[in-house]
Amino acid sequence: MNNGDAMIKAEKIYTLVKKELVKANTIVNEPVRKEAEKYKGPFAEIILENMKIAQREGLPLCQDTGMVEFFVFLGHEVRLEEPLCKTFERAVRDIYTSQPYRCSVVADPLFGRKNTGDNTPVICHLFMIEGAQLEIRFLIKGGGSENLSALFMMRPSSNVEDLKEKILGHLKTFGVNACPPLHVGIGIGGTSEEALLLSKLALTKDFEERNHIEAYRILEEELLKEINALKLGYQGLGNGMSAYSVSVEYYPTHIATLPVALSVDCYLCRKGRFTVEDS
Amino acid sequence: MKIVELKAGEMIQYCGELIVMRDAAQKKIREVLEFKDQLPFSLEGKIVFYAGPARKAAGSVIGAIGPTTSIRMDPFLEMLLKLGVKATIGKGKRNEYVKELSKKYSAVYFITSSGTATALSKKVVEAEIIAFPELGPEAIYRLEVKEFPLLVAIDSKGKSIYD
């Protein structure tokens with residue numbers, strides 16, 4: 001590597017993204033599989049059967065193969081051949097038009113809602129970091145889990161109990177519709193859109209990854225217990241766990257605000273996280 | 001076993017016909033009816049499955065298919081029941097008024113397993129698009145299924161498993 005002259009080829013990113021998208025759509029991750037194997041309630045058999053067939057035949061775990069969201073951490077020394085979203089869109093287009101996935105993106109959200117036919121565009125959030133590294137994370141979330149997203153602009157004088165009440169109240173009412181057990185992502189602070197973005201970033205973390213600040217780690221652990229006490233259960237039928245993990249991300253905020261955002265991922269938690277080195 | 005006699009919480013393995021539709025198709029049906037046009041198909045006595053399949057792999061009957069969130073379909077439910085639909089299949093809780101509609105029309109709401117779409121697609125033995133092909137994955141399909149797992153979430157007396 002020549003310092004300050006790292007070039008990452010578009011082809012390399014494209015190939016890796018394609019491979020990771022196929023993997024996330026067809027092969028369930030280990031923590032999800034392990035939990036599913038423990039589940040004994042209604043539909044337990046078909047849940048495991050689905051994981052087996054999908055992997056064996058390269059078929060999607062869920063018919064809703066998502067609108068793909070990317071979160072990119074781009075080192076300031078990295079040079080690229082083209083804008084990343086262009087590379088991502090090529091990868092998504094090629095995979096979603098060649099694999100038996102569903103193209104679920106409509107071009108205009110309000111007028112016409114005509115399907116774009118190739119599952120593009122993608123959503124891409126870019127974060128600049130120091131160094132020569134490129135880290136790509138993505139979520140493949142279906143519409144059912146996305147519709148549960150919520151933003152609460154709380155009073156700055158609110159406390160942790162007020163926050164829990166909002167989160168638990170929302171999940172109690174709507175949680176079963178997002179295909180539990182859930183991964184619950186919570187973004188606290190920043191501005192409204194920052195909080196939502198943090199809640200999504202939280203979903204890119206592994207289940208066992210805890211916040212390194214003790215107060216937030218305790219909040220994650222307490223909320224997980226309290227969400228599981230809601231007894232949403234597999235398939236929303238009250239049996240088995242309700243949430244795998246609660247991941248909290250926070251950011252400083254304005255004296256007058258306390259934005260709190262909630263995002264959830266469904267029980268399949270289809271996602272990816274990998275780094276790309278320069279050639 | 002008659003569907004109308006099933007009780008909330010009962011599980012069945014259904015063999016027979018399903019009509020697949022979701023948000024866009026139901027909105028379109030409403031527009032057709034508002035213009036007092038004739039629908040190009042009948043829903044009398046049918047079971048509607050809220051779903052939109054993935055593209056099918058070569059050699060398969062249909063692509064991955066599974067239930068979508070039913071609560072989004074609630075504003076269209078009475079329209080379907082008036083057209084003769086006897087049951088709907090989806091996932092998740094519905095609005096309170098669905099219990100009343102279930103009683104009024106002696107209709108059943110089933111759930112089937114979500115996030116298991118490839119396994120469910122193997123239970124489909126026949127599939128054809130019967131209307132609105134321009135909607136792509138949201139077109140209306142007619143399916144023949146065998147041993148399709150269904151759980152009664154709201155029965156025809158308005159009793160719900162979520163209460």
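Residue ranking by accessible heavy-atom surface, 1.4 Å probe, largest first, among A:149, B:156 comes out as A:149, B:156. Of the DSSP H helices in chain B, none is both long (alpha-carbon extent of 27 Å or more along the helix axis) and hydrophobic (Kyte-Doolittle mean at least -0.5). Take A:74-81, A:115-122 and order them by the average number of nearby Cβ atoms within 10 Å per residue, most first; the result is A:115-122, A:74-81.
Rolling a 1.4 Å probe across all protein chains gives residue A:85 an accessible area of roughly 60 Å².
Solvent-accessible area assigned to carbon and sulfur over the protein assembly as shown amounts to 53 percent, based on a 1.4 Å probe.
How big, in percent, is the set of alpha carbon pairs in the range B:11-154 lying more than 17 Å apart? Summing the P(r) tail past 17 Å for the range B:11-154 gives 57 percent. Only DSSP H runs of four or more residues enter the estimate; each adds -39500 (n - 2.57), and after division by the residues of chain B the mean residue ellipticity at 222 nm equals -6000 deg cm²/dmol. A DSSP coil position with no more than 13 other Cβ atoms inside 10 Å describes the following GluC sites (Glu not before Pro) in the range A:191-279: A:208, A:209, A:277. Residue ranking by accessible heavy-atom surface, 1.4 Å probe, largest first, among A:128, A:7, B:79 comes out as A:128, A:7, B:79. Applying 1/(1 + (r/R0)^6) with R0 = 25 Å to the Cβ-Cβ distance of residue A:226 and residue A:33 gives a FRET efficiency near 0.45. Per-residue mean of foreign Cβ neighbours for A:53-60 is 5 (Cβ atoms of other chains, 10 Å radius).
Here is the short version for chain A: A:62, A:103, A:269 have no other Cys C-beta closer than 4.7 Å. Shielding by partners for peptide A:174-181, expressed as the average number of C-beta atoms from other protein chains within 10 Å of each residue's C-beta, is 5.
Placing pseudo-labels 7 Å out from each Cα toward the beta carbon at residue B:58 and residue B:42 gives an inter-label distance of 4.0 nm.
Residue A:129 sits with roughly 60 Å² accessible to a 1.4 Å probe, with DNA, RNA and ligands left out of the calculation.
Modelled spin labels at residue B:7 and residue B:147, positioned 7 Å past Cα toward Cβ, are 2.6 nm from each other. For residue A:110, the solvent-accessible surface with a 1.4 Å probe is about 120 Å², rounded to the nearest 10. The separation of the range B:6-69 from the range A:13-43, counted between C-alpha centres, amounts to 27 Å.
Note on B:47-56: average number of Cβ atoms from other chains within 10 Å of each residue's Cβ is 4. In this simple spin-label approximation, residue A:251 and residue A:123 carry label points 7 Å from Cα along the Cα→Cβ vector, and these lie 1.4 nm apart.
Applying the criteria of a DSSP loop state and at most 10 other Cβ atoms within 10 Å to the chymotrypsin sites (Phe, Trp or Tyr not before Pro) of the range B:31-127 yields B:35. Loop-located chymotrypsin sites (Phe, Trp or Tyr not before Pro) across the range A:100-201 with a Cβ neighbour count of 12 or fewer within 10 Å are A:111, with loop assigned by DSSP.
The values are calculated or read from the model by the stated rules, or taken from the named source; none is laboratory data. Computed from a prediction, not measured in an experiment: that's the story for all the values here. Neighbour counts are summed over all protein chains in view; Cβ atoms, including those assigned to glycine, are modelled from backbone coordinates with ideal geometry. Note: accessible area is taken over every heavy atom of the protein model, side chains too, but ligands, DNA and RNA are not part of it. Shrake-Rupley method; radii C 1.70, N 1.55, O 1.52, S 1.80 Å.
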